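Here is the structure we will look at.
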Amino acid sequence: MEPILFLAHTEPDGTLAGAALEVLAASLALGGPVTVGLVGAAVDAGARQIAGCGAVRFLAVEGEAFAQPRYATDAAAAEALCQASGATLILSSHTSRWARAIPGVAARLNGRADTHATSIAIVNEVPAVTRWFYRQRMEAVLTRAPRPWFVLLESGCATAWSGEAAEAPVERLDIAAASRTTVTGVRAPQAGEETIRPDAKLLFVAGAGWTKKQADGLPHADRAEDLILGFLRKSQASLGGSKSLVDLSGEGQSVLKCMTHLNQIGQTGATPRHPKGLSTCCHGEEPHVVGWRFVTERRAINLDANCGWARGKADVVYVADAFAVMEQLNRLFEKALDADVRVLQ
Ligand SMILES: Cc1cc2nc3c(=O)[nH]c(=O)nc-3n(C[C@H](O)[C@H](O)[C@H](O)COP(=O)(O)OP(=O)(O)OC[C@H]3O[C@@H](n4cnc5c(N)ncnc54)[C@H](O)[C@@H]3O)c2cc1C
């Protein structure tokens with residue numbers, strides 16, 4: 001088996017995120033010699049975290065210049081780590097940081113990069129990755145001859161590596177961190193609180209029904225937002241939206257302020273991986289439901305017993321008023337009495 005580089009950037013606290021540990025497990029499972037390559041302001045905590053993984057070497061590019069996600073410095077670090085390790089197969093998690101830098105590094109080294117891979121395994125004695133095409137409708141298995149081959153693995157597709165922390169002998173590479181780009185701050189697309197939580201066990205989806213006229217003939221967007229945010233804070237679920245709901249803001253209609261296009265699930269949105277999903281006030285049309293491909297257990301609340309979810313797309317459909325259900329659910333959360341509620345957490 002060819003030499004492998006497990007490439008990871010550290011988090012602000014110096015540790016490795018769950019997604020990186022998933023890639024480490026996938027790298028080790030291939031059976032070849034694995035070198036760890038860490039990038040960040042400080043890498044000791046991350047190296048200690050995975051000291052017992054059995055890697056042949058621990059390489060690092062460390063320094064304040066590598067704290068910020070920035071193409072020039074991330075690409076320089078990845079290139080140096082790749083060359084120092086002598087690896088021909090480089091695995092990293094599909095973070096926005098690596099997705100931006102790695103294709104350029106592959107071009108510099110005359111290699112190839114594959115993004116959005118969902119698994120890697122040895123097939124017919126060569127590494128092969130799986131990847132979905134055409135908005136998650138077709139899955140392909142790919143192999144490539146050119147090296148180095150960079151593979152960015154999606155999160156939530158492998159079990160994260162875990163083991164005892166220990167001291168790791170880190171070899172630090174001294175590389176120039178020249179860049180014309182200075183990071184002056186972060187401007188987040190969302191003014192309010194963060195509602196997208198890729199690691200959450202539950203995906204809570206809000207559809208356009210939350211903003212429509214209700215039984216009293218009036219829309220209740222403010223009430224909807226209170227109920228949704230109240231539920232998210234208590235359950236720590238991740239918030240998704242239908243396209244109709246996230247598009248409403250562009251039409252000047254009454255909208256949920258906590259929702260942006262980043263929350264959109266579906267054919268033209270995201271395809272997250274959560275063990276459970278709860279859809280509310282959303283019709284469950286195919287272009288939306290295709291984004292639920294990797295959500296294992298699905299439930300929906302809709303007033304319409306004939307909605308798309310009821311046609312085999314959800315495991316359970318509650319034909320009910322989502323306002324009333326979520327109000328009751330939030331009340332149960334507050335009292336923490338109901339066992340069913342704990343199942344959602
Ligand atoms: C090329 C293409 C790509 C697309 N991509 C996407 C995509 O990525 N993601 C996506 O979501 N859509 C996508 N769509 C749009 C998709 O087809 C649907 O139009 C959209 O998902 C509908 O959103 P909705 O279910 O929230 O709204 P609606 O269809 O308006 O449904 C609202 C639902 O809320 C229910 N409701 C209302 N009040 C209540 C209440 N009090 N309690 C319970 N239920 C209530 C109603 O019964 C209704 O079923 C795409 C369409 C096309 C053509």
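The values are calculated or read from the model by the stated rules, or taken from the named source; none is laboratory data. Predicted model only: the values in this text are computed from it and were never measured. Every residue, glycine as well, gets a Cβ built from its backbone with ideal geometry; the counts of neighbours run over all protein chains shown. With ligands, DNA and RNA removed, areas are computed over all heavy atoms of the protein, side chains included. Shrake-Rupley method; radii C 1.70, N 1.55, O 1.52, S 1.80 Å.
Between the helical axis of 96-108 and the dominant principal axis of the chain, each derived from Cα atoms, what acute angle in degrees is found, rounded to the nearest 10? Between helix and principal axis, roughly 40 degrees.
On full extension, the segment bounded by residue 293 and residue 216 gains 24.2 nm, given 0.36 nm per residue less the C-alpha separation. Here the Gaussian network model covers the chain, with springs between Cα atoms less than 10 Å apart; of 308, 209, 163, 163 fluctuates the most. Springs between alpha-carbon atoms under 10 Å, Gaussian network over the chain: tell me which of 11, 297, 64 tops the mean-square fluctuations. Of 11, 297, 64, the Gaussian network model singles out 64 as fluctuating most.
Ignoring aspartates and glutamates fewer than eight residues from residue 257 along the same chain, the ones with Cα atoms less than 13 angstrom from its Cα are 193, 194, 222, 225, 226, 247. For region 68-161, chymotrypsin sites (Phe, Trp or Tyr not before Pro) meeting the loop criterion (DSSP other than H, G, I, E, B) and having at most 13 other Cβ atoms within 10 Å: 134. Ignoring any ligand, DNA or RNA, what whole percent of the accessible area of region 95-216 comes from carbon and sulfur when the probe is 1.4 angstrom? It is 50 percent, rounded to a whole number. Ellipticity at 222 nm from helices only: DSSP H runs of n ≥ 4 in the chain, each -39500 (n - 2.57), divided by the residue count, give -8000 deg cm²/dmol.
How would you classify region 215-317 from its alpha-carbon gyration tensor, with a ≥ b ≥ c the square roots of the eigenvalues: rounded for a/c under 1.5, else prolate if a/b is greater than b/c, otherwise oblate? It is rounded, given that a/c, with a ≥ b ≥ c, falls under 1.5. Listed by chain and number, the lysines placed with their C-alpha closer than 23 angstrom to that of residue 276 are 201, 234, 243, 313, 335; residues fewer than eight positions away on the same chain are left out.
Pairs of Cα atoms nearer than 8 Å and 6+ residues apart set the relative contact order; for region 132-269 it is 22 percent. Averaged per residue, region 37-91 has 31 square angstrom of accessible surface, using a 1.4 angstrom probe with ligands and nucleic acids left out. Comparing 273, 108, 187 in a Gaussian network model of the chain (Cα springs below 10 Å), the most mobile by mean-square fluctuation is 187.
In this label model, residue 122 and residue 110 are separated by 2.8 nm, measuring between points 7 Å along each Cα→Cβ vector. Net length available on complete extension from residue 29 to residue 197 is 57.8 nm, with 0.36 nm assigned per residue and the Cα-Cα distance removed. Overall, the anisotropy analysis places region 1-69 in the prolate class: the square-rooted eigenvalues a ≥ b ≥ c of its C-alpha gyration tensor yield a/c not less than 1.5, with a/b exceeding b/c. Here the relative contact order of the chain, from alpha carbon pairs under 8 Å that lie six or more residues apart, stands at 14 percent.
Which of rounded, prolate or oblate describes region 208-248 when judged by the alpha-carbon gyration tensor and an a/c cut-off of 1.5?
The shape class here is oblate.
Remark: spin-label model distance residue 176-residue 319 equals 7.1 nm, labels positioned 7 Å along the Cα→Cβ axis.
Determine the percent antiparallel among the DSSP beta bridges restricted to the chain, to the nearest 5.
Restricted to the chain, the bridges split so that about 20 percent are antiparallel.
Between the Cα long axis of helix 18-29 and the first principal axis of the chain there is an angle of about 50°, rounded to the nearest 10. Distance from the Cα centroid of region 171-244 to that of region 121-135 is 32 Å (rounded to whole angstrom). Short-range pairs are left out: with C-alpha atoms under 8 Å and at least six residues apart, the relative contact order of region 91-211 is 24 percent. With angles folded into 0 to 90 degrees, how steeply does helix 221-235 sit against the dominant principal axis of the chain? Use alpha carbons for both and round to 10. For helix 221-235, the angle is close to 50 degrees.
Report the calculated FRET efficiency for residue 162 and residue 44 (r = Cβ-Cβ distance, R0 = 22 Å), to the nearest 0.05. Before the final figure, lay out the partial values.
Working: r = 19 Å, r/R0 = 0.86.
Computed FRET efficiency for residue 162 and residue 44 comes out at 0.70.
Using 0.36 nm per residue and subtracting the Cα-Cα separation, the extra length available between residue 130 and residue 332 on full extension is 68.5 nm. Residues in region 94-245 average 57 Å² of solvent-accessible surface per residue, probe 1.4 Å, ligands and nucleic acids excluded.
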